[in-house]
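Asker: Below are the structure tokens for one structure; questions will follow.
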Amino acid sequence: MPKTYTPQQLRQRLDRLPRLQLAALPTPLDDLPRFSSAVGGPRILMKREDLTGLAMGGNKIREFEYSIAPAVESGCDVLIHGAAAQSNQSRTTAAVAARLGMKAVQVGRADEHAQIQGNLLLTHLFGAEVHLPPPEQQSATMQQTLDRLRTAGHKPYNTSSDGAAYRGIAYVDGFLELWSQLQERGIEPDVVYLASGAHTHTGMVVAARALGLPLRFVGISPSPRDDEVAAQNMTQLAAEHCRILDLDLEITPADLESYAEFVGPGYGVVTDGSREALQLLARSEGLLLDPCYTGKAMAGLIAHVRAGWWTAEQTAVFVHTGGTPALFAYADELGLELPEAKT
């Protein structure tokens, strides 16, 4: 029999680790009855990780409680991050740096959404030093920036790579919170859907398997990738979570189900499915998704419901990982038009 742990045993292991207090927790677990009816499928609940509080929320705020704690302990004074111009993680990196009294640096790229709107607007507002080189120069600019900071006597911490495994540890904690909420309401879900970059997905799976739960998780990738390779890579990351928490578990690729078919032409490109998901949730529940992550994850859930994966008698939980500010940089792609002026 596989070894299992109680929630209290998992909590004890988590409590041994350094942790910051950044997020407004617990986040709500909301029923979406009108949306469930609109898609003609299961009961759908939404775990509101978009409401983690700081900087308009998102899963990175919860993740940073664990992953940035080592930066504080080791005396780092700069948080740096590099990704797309409208990166949610760059926005939250800048906000957390401001909260902690540290310098923030974003090394983004001059992509088609490099406009002072959405996440990039907020990154500037939080006082970050922002660089947007051409995409082909981003990596070199990041290294040059790190070198310059170190030469100037700073101790930078890259929120993408430094302490990365601890971002998944945060979602071991996050799943304990979710599972407690479900138990309090007597709900036994059939599946959990989420945007699957890596850490949120792996952390939740590790927690569920540690508790001995056969709960199915379906990840929807926001980026093009090979599903089998992604599962192998996430398995290695999950093993690192188990090592950190001293858990005697074997997480297999079968535990880390993930689909890249809903990405469309590429990362950050709005698809017909994500556009429909955004509008359907907004118009049925008054709730917002983002175009890069949760919009595509919800498009995956909708497609699977329509394909008969889930019936009205079942229950799905959708983890809203945030990213809503990016919406404001995607107005042209969302298919909305101003009404014609009356004469």
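The values are calculated or read from the model by the stated rules, or taken from the named source; none is laboratory data. The shown structure was predicted, so the numbers you read here are calculated from the model rather than taken from an experiment. Please note: Cβ atoms are built from the backbone with ideal geometry, for glycine as well, and neighbour counts cover all protein chains shown.
Asker: Is the stretch 287-301 home to any residue that is more than 19 Å from the chain's Cα centre (by Cα) and not charged (D, E, K, R)?
Answerer: For the stretch 287-301, residues more than 19 Å from the chain's Cα centre (by Cα) and not charged (D, E, K, R): absent.
Asker: Is it true that Glu63 is assigned by TED's automatic domain parsing to the domain that holds Leu20 and surrounded by 19 or more Cβ atoms within 10 Å (Cβ to Cβ)?
Answerer: No, not satisfied.
Asker: Name every residue in the stretch 114-129 that is part of a loop (DSSP other than H, G, I, E, B) and surrounded by 23 or more Cβ atoms within 10 Å (Cβ to Cβ), in order of residue number.
Answerer: Ala128
Every residue, every condition in (1) closer than 30 Å to Arg99 by Cβ; (2) in contact (Cβ under 8 Å) with a residue 40 or more places away in the chain; (3) assigned by TED's automatic domain parsing to the domain that holds Thr123; (4) of a type outside the set (A, V, I, L, M), yes or no:
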| site | (1), (2), (3), (4) |
| --- | --- |
| Arg19 | yes, yes, no, yes |
| Pro26 | yes, yes, no, yes |
| Pro42 | no, yes, no, yes |
| Gly82 | yes, yes, yes, yes |
| Ala85 | yes, yes, yes, no |
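Asker: Additional query: For the condition assigned by TED's automatic domain parsing to the domain that holds Leu289, in a loop (DSSP other than H, G, I, E, B) and within 24 Å of Arg91 (Cα to Cα), what is the one hit in Pro222, Pro214?
Answerer: Matching residue, one of Pro222, Pro214: Pro222.
Asker: Looking at the stretch 2-54, which of its residues are assigned to a helix (DSSP H, G or I), among the acidic types (Asp, Glu) and under 29 Å from Leu301 (Cα atoms)?
Answerer: Glu49, Asp50
Asker: Out of (1) in a helix (DSSP H, G or I); (2) within 20 Å of His199 (Cβ to Cβ), what's the single condition that is false for Gln86?
Answerer: That leaves (1) as the condition not met.
Asker: Determine whether the stretch 308-331 contains at least one residue that is assigned to a helix (DSSP H, G or I), assigned by TED's automatic domain parsing to the domain that holds Glu188, within 21 Å of the chain's Cα centre (by Cα) and surrounded by fewer than 18 Cβ atoms within 10 Å (Cβ to Cβ).
Answerer: yes
Asker: Scanning the stretch 240-295 for residues that are more than 15 Å from Val206 (Cβ to Cβ) and acidic (Asp, Glu), which turns out surrounded by the fewest Cβ atoms within 10 Å (Cβ to Cβ)?
Answerer: Step by step, filter the stretch 240-295, then rank; the result is Asp272.
Asker: Moving to a separate point now. Could you list, in sequence order, all residues of the stretch 151-164 that are within 20 Å of the chain's Cα centre (by Cα) and surrounded by fewer than 19 Cβ atoms within 10 Å (Cβ to Cβ)?
Answerer: Selection gives Ser160, Ser161, Asp162, Ala164.
Asker: Does any residue of the stretch 132-140 turn out to be more than 30 Å from Phe318 (Cα to Cα), of a type in the set (Gly, Ala, Ser) and either touching a Pro at 6+ places or on another chain (Cβ under 9 Å) or part of a helix (DSSP H, G or I) (or both)?
Answerer: The answer is yes; a qualifying residue exists.
Asker: Look at Ala98 and say whether it is crowded, with 21+ Cβ neighbours inside 10 Å and either out of contact with any Leu (no Cβ under 9 Å at 6 or more places or on another chain) or not assigned by TED's automatic domain parsing to the domain that holds Asp147 (or both).
Answerer: When the stated conditions are applied, Ala98 does not pass them.
Asker: For Gln106, indicate whether it is modelled with pLDDT under 95 and among the polar types (S, T, N, Q).
Answerer: no
Asker: Restricting the stretch 130-150 to residues that are among the hydrophobic types (A, V, I, L, M, F, W, C), over 25 Å from the mean Cα position of the chain (by Cα) and surrounded by 13 or more Cβ atoms within 10 Å (Cβ to Cβ), which is farthest from Gly101 (Cα to Cα)?
Answerer: Going through the qualifying residues, I end up with Leu146.
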